[in-house]
Amino acid sequence: MSKSAPLDVAIIGGGFAGIGTAIRLKQKGITDFAIFERDTRVGGTWRDNTYPGAACDIPSRLYSYSFAPNPDWSHTYSGSAEILGYVESMVEEFGLRNHFRFGHTVTNLQFDEEAGLWTVTFDGRKPKVFARSVVVASGPLANASLPNIKGIDTYEGHKVHSAKWDHDYDFAGKKVAVVGTGASAVQIVPELVKQAESVKVFQRTAGWVLPRVNRRTNSVSKMLYRQFPVTESLARQAWFWGHESVALGVVWNTPLTRVVETVGKAHLRAQVKDPWLRRQLTPDFRAGCKRLLMTSDYYPALQKDNCKLITWPIATLSPKGIRTVEGIEHQFDCIVFATGFDVSKTGTPIPIVGRHGRVLSDEWSKGAYAYKSVAVSGYPNLYLTFGPNSGPGHSSALVYMEAQIDYITDAVRTVLDKNLTMLDVRRDVQDRYNADIQQRLESTTWNSGCQSWYLTEDGFNATMFPGFATQYAHQLRKLDLRDFVLASDATKLG
Ligand code: N01
């Protein structure tokens, strides 16, 4: 069987990152690329997370690309359907539809050193594809995970995960449990209490909740944004610097962390009058150690007559419901698992085989690392979006993503312009970068003692960037070829 002609670029994943990469590739004159998407639709996280109340807790002006401004956001914080609409509109506006290959689940990526090509393998009997560069844009929160709770398979009622909502299930008149109290749960609970007969919320750890005011964007602002793009850009900058100042308070364990905690406690006092409930909802870790929860609707929902907070730990699931450690069985028609995602920091969801047959999962077995989060030594011409240590925690993921996309597309352009077989980041440069990142992480709130999905079980932080978004973007502003080993003939790389 003859090999198909190699693509210049294979992009894995058709969410925000994959689409942003495709737009910037086209703008840099690269059109020989395909976007491989396992689903039948674009949208990634905003296609999958459609639970009631799903929205972004980052202002929309900031949660959008600067190269694709949207004057028409309806609210300060938009709902998931509107964000999905924005993502879909970019596909049409930038003419990307023909680049999509839907229903393509990548099962393996392997580098051929002789040819300087990646082989992309798919499930089923789909033919392999070859590409000079690969951009892995499959998203860190793409795979929903059910918790490892004893008896979970014995439960006979309805089960729903927040990231795989069952829109055919009617919650009206039902007894419902919500397991988890993270960013997804605090958006779901206020909507569920409006529909269900009763809702019991199972909390393992109380989070820091900060108020959030969501305003409708008025027609005058929309007109201004449209007529004078500088207004849109100024609004974006204002939100950005607001978030950068929050970073001061939550990234580092500074007196400003106390300010954030004071705001959280005042919010709790203002919204919850019952001292017992307030105690149950008071966090026992530093603000920012886990993701801050931005909502003014969660505490009021918990105090509705049909809602109850359960803080006894879950012992087991039973055929009828949930049994807590003090021996009470709570019976439910449906259990909603708002329990997060499979975010292994010690492996890759897709097997990636680089130079000399090296397997990335093996190298990451004690915790993932990369150079500036986008490239890994030994895996030439392969780039990650939202790879290790680029989590914002306090700001818009898209600010980080945009910086990565520009850097990555410059690297792809360089491979083509210089006709390289390999552009491979230097191991020593990568090691120095990571030693510095890990040292700076030691004094952040993320590493201050709580257990979150940011850390491995051993406490290694492979997720967050210990600094401002501006610092992160600054270090990616220019592709410095001195950081890489270049080869136009594989044999010369050694
Ligand atoms: O998931 P999580 P999420 N028994 O992992 C609990 C993004 N996001 O889907 O805290 C009992 O944060 C767990 O308890 P604990 C954002 O990046 C963004 O809510 O580990 N409970 C926790 O309460 C976010 O960080 C938006 O003790 C169990 C919850 O389940 C990420 O998605 C909105 C349990 C899981 O919380 C994930 O958020 C929503 C068990 N066995 C999400 N296992 C925006 O608005 C887990 N839990 C941008």
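The values are calculated or read from the model by the stated rules, or taken from the named source; none is laboratory data. In this text the structure is predicted, and so the values were computed from the model without any measurement. Reconstructed Cβ throughout: ideal geometry from the backbone, glycine too, with neighbour counts over all protein chains shown. Keep in mind that these areas ignore ligands, DNA and RNA; they rest on the heavy atoms of the full protein, side chains included. Shrake-Rupley method; radii C 1.70, N 1.55, O 1.52, S 1.80 Å.
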### Query
Filter the stretch 156-199 for residues that are among the hydroxyl-bearing types (Ser, Thr, Tyr) and over 27 Å from Lys290 (Cβ atoms); which is surrounded by the most Cβ atoms within 10 Å (Cβ to Cβ)?
Ser198
## Note on the structure
Of the residues in the stretch 263-301, those that are aliphatic (A, V, I, L, M), within 15 Å of the ligand (Cβ to nearest atom) and either more than 27 Å from the chain's Cα centre (by Cα) or assigned to a loop (DSSP other than H, G, I, E, B) (or both) come to Leu281, Ala287, Leu292
### Summary
Sole miss for Phe332 among (1) within 28 Å of the chain's Cα centre (by Cα); (2) at negative phi; (3) among the aromatic types (Phe, Trp, Tyr) is condition (1)
### Query
Which pairs do you get when a residue that is near the ligand (Cβ under 10 Å from one of its atoms), found in the stretch 197-220, comes within reach of a residue that is in a loop (DSSP other than H, G, I, E, B) and open to solvent by 50 Å² or more (accessible area, probe 1.4 Å), reach meaning Cβ atoms under 7 angstrom, with the pair 6+ apart or on two chains?
Arg204/Pro313; Ala206/Thr282; Gly207/Lys290
### Odd one out for Asn108 among (1) among the polar types (S, T, N, Q); (2) surrounded by 21 or more Cβ atoms within 10 Å (Cβ to Cβ); (3) touching a strand residue (DSSP E or B) at 6+ places or on another chain (Cβ under 8 Å)
(2)
### Message
I need a count of the residues in the stretch 142-155 that are open to solvent by 60 Å² or more (accessible area, probe 1.4 Å), part of a loop (DSSP other than H, G, I, E, B) and either closer than 18 Å to Pro349 by Cβ or more than 12 Å from the ligand (Cβ to nearest atom) (or both).
### Response
1
### Task
Starting from the stretch 280-292, keep only residues that are surrounded by fewer than 19 Cβ atoms within 10 Å (Cβ to Cβ) and of a type in the set (Phe, Trp, Tyr), then list their pairs with residues that are in a loop (DSSP other than H, G, I, E, B) and at pLDDT 95 or above whose Cβ atoms are within a distance under 8 Å, requiring at least 6 positions of separation or different chains.
Phe285/Thr205
### Query
In the stretch 207-238, which residue that is among the hydrophobic types (A, V, I, L, M, F, W, C) and in a helix (DSSP H, G or I) is nearest to Trp453 (Cα to Cα)?
Ala238
### Message
I'd like to verify a number: residues in the stretch 324-370 that are crowded, with 18+ Cβ neighbours inside 10 Å, without any contact (Cβ under 8 Å) to a residue 24 or more places away in the chain and within 15 Å of the ligand (Cβ to nearest atom), how many?
### Response
0
### Message
Show the residue pairs meeting these rules: Cβ distance below 7 Å; 6+ apart or different chains; first residue within the stretch 144-160 and closer than 18 Å to Tyr51 by Cβ; second residue open to solvent by 30 Å² or more (accessible area, probe 1.4 Å) and within 14 Å of the ligand (Cβ to nearest atom).
### Response
Ala144/Lys164; Ala144/Phe341; Ser145/Thr339; Ser145/Phe341; Ser145/Asp342; Leu146/Thr339; Pro147/Thr339
### Message
Which count do you get for residues in the stretch 389-407 that are within 16 Å of the ligand (Cβ to nearest atom), over 17 Å from Phe240 (Cα atoms) and open to solvent by 10 Å² or more (accessible area, probe 1.4 Å)?
### Response
0
### Query
Across the stretch 2-58, which residue is nearest to the ligand (Cβ to nearest atom) among those that are of a type in the set (Ser, Thr, Tyr) and more than 25 Å from Asp406 (Cβ to Cβ)?
Tyr51
### Query
Hey, does the stretch 470-483 have a residue that's of a type in the set (Asp, Glu), at negative phi and part of a helix (DSSP H, G or I)?
yes
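For Arg226, are the conditions met, namely being open to solvent by 30 Å² or more (accessible area, probe 1.4 Å), among the charged types (D, E, K, R), away from the ligand (no atom under 13 Å from the Cβ) and modelled with pLDDT under 90? I'd like the intermediate steps shown before the answer.
Details: open to solvent by 30 Å² or more (accessible area, probe 1.4 Å): yes; among the charged types (D, E, K, R): yes; away from the ligand (no atom under 13 Å from the Cβ): yes; modelled with pLDDT under 90: yes.
Yes; evaluated as a whole, the condition is true for this residue.
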### Message
Any residue that is surrounded by fewer than 21 Cβ atoms within 10 Å (Cβ to Cβ) and farther than 16 Å from Lys28 by Cβ - is there at least one of those in the stretch 408-421?
### Response
yes
### Query
Being more than 30 Å from Arg125 (Cα to Cα), crowded, with 18+ Cβ neighbours inside 10 Å and among the charged types (D, E, K, R), is that true of even one residue in the stretch 53-62?
yes
#### Entry: Index of the failed condition, Asp458 passing every other in (1) in a helix (DSSP H, G or I); (2) modelled with pLDDT under 95
(1)
